[in-house]
Every structure is written in C-alpha cells, then in structure tokens.
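Participant: I have a structure here, written as structure tokens, and I will follow up with some questions on it.
FYI, it's all coordinate maths here, none of it is from the lab. Computed from a predicted model, the values in this text were never measured in an experiment.
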Amino acid sequence: MAEKWYPVIDYSKCVECGTCVGFCGHGVYDVSKAPTPVVVYPAGCVDHCHGCGVKCPVGAISYVGDEGARGENGSCGCGCAD
C-alpha cells in the first residue's frame, strides 16, 4: 500500500457511474456513497496502481504522486491490467 499515492476525483468530469468504486478491492472508496466516488482510505491504494483510472470511462481520476512510472507492459504489478 502507498503513503503518497491515491486517486483524486475530478468531479467536474465524473459521471458518477460507480465503476471505480466497484473496481477497487482495497477499501479506498466509501461504498456506501456509491455510485459517487468518495476516497475515504487513501492509504489502502496500491502504490502506482492505475486500475480505477484505467476503468474510468471519462478520465476523471488522477493520482497524488503520479510521475508516470509504470513497469514493463504498462502494468503496476497489482493485477489491474489483467
């Protein structure tokens, strides 16, 4: 898990589809607020995982600490690209 890596939602773009909330299995989002994505546990986000951002149909998710670093094949190693 990461200290300085977590998703940030651009609510001006977000269409509240709930895709990110449903995708993340690490408790980062408050599921009781779904489909609206509310980050409640940023420390639960896997370091350099872009899974919810990749799944977002409107590109409303960016990440604190994102420097574009990803491993081979564009994967962060958490299984989000699978």
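Participant: With the contact rule set at Cα under 8 Å and sequence spacing of 6 or more, what percent relative contact order holds for segment 6-68?
Facilitator: 45 percent
Participant: Across every pair of different alpha-carbon atoms, what Kirkwood hydrodynamic radius in Å does segment 6-68 reach?
Facilitator: Averaging 1/r across every pair of different Cα atoms and inverting gives 11.4 Å.
Participant: Next question. Return the sequence-ordered ³J(HN,Hα) values of segment 28-36 in whole Hz as given by the Karplus equation 6.51 cos²θ - 1.76 cosθ + 1.60 applied to θ = phi - 60°, using x for Gly and Pro.
Facilitator: 5, 9, 7, 5, 6, 9, 4, x, 5
Participant: Can you tell me the length gained on complete extension of the stretch Lys4 to Val40, counting 0.36 nm per residue apart and subtracting the Cα distance?
Facilitator: 11.5 nm
Participant: So between Val64 and Asp30, what do we pick up on full extension, going 0.36 nm a residue minus the alpha carbon distance?
Facilitator: 10.4 nm
Participant: I've got another one for you. Which residues' amide hydrogens lie under 5 Å from the amide hydrogen of Val8, considering only partners 5 or more residues apart or on another chain, with H built in the peptide plane?
Facilitator: Sorted by chain and number, the residues that satisfy this are Ser62, Tyr63, Val64.
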